[in-house]
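Worksheet for the structure shown next.
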Amino acid sequence: SSVPTVTGSKEPSSSPSDVPSSVPTIHNACAVDNGGCQHICNDLEVGTDRVCECRDGYELDPTNQTSCIDIDECALETDDCDENAKCVNLDGDDFPGYACEC
């Protein structure tokens, strides 16, 4: 009985150039530097796409879509303070929003 001779290797290559272009590369756009977002980075799982969001009491800066700016509920009159109370805007990471002072 004869043993067949193997003359080449048919093992798959792990080189990135062998991956078909139709297979998307998995990349987390938020992994480095929070994706450039000041508060919250949401990875869209497609290429380097991500969407930044802000914590409560803040809104996305329309000029760059990565920074968060304080929402002044008092100036916008969106607070629910009593008419006899003074609305005080709170701009801070610990206490975003506003407070009502009597």
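The values are calculated or read from the model by the stated rules, or taken from the named source; none is laboratory data. Not measured: the values here are computed from a predicted model. FYI the Cβ positions are ideal-geometry reconstructions off the backbone, even for glycines, and counts take in every protein chain you see. Accessible surface is based on the protein model in full, side chains and every heavy atom, while ligands, DNA and RNA are left aside. Shrake-Rupley method; radii C 1.70, N 1.55, O 1.52, S 1.80 Å.
See the values below:
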| quantity | calculated |
| --- | --- |
| Qualifying residue in the stretch 81-96 (condition: assigned to a strand (DSSP E or B), in contact (Cβ under 8 Å) with a residue 12 or more places away in the chain and open to solvent by 100 Å² or more (accessible area, probe 1.4 Å)) | yes |
| Boolean, C41 is under 16 Å from the mean Cα position of the chain (by Cα), under 21 Å from N28 (Cα atoms) and of a type outside the set (G, A, S) | yes |
| Per-region count, the stretch 5-32, residues in contact with a helix residue (DSSP H, G or I) (Cβ under 6 Å, 6 or more places away or on another chain) and at pLDDT below 75 | 0 |
| Flag if N64 is exposed (fewer than 10 other Cβ atoms within 10 Å of the Cβ), modelled with pLDDT of 90 or more and on the phi < 0 side of the Ramachandran plot | no |
| Whichever residue in the stretch 33-54 is at pLDDT 90 or above and in a loop (DSSP other than H, G, I, E, B) and, among such residues, is surrounded by the most Cβ atoms within 10 Å (Cβ to Cβ) | C37 |
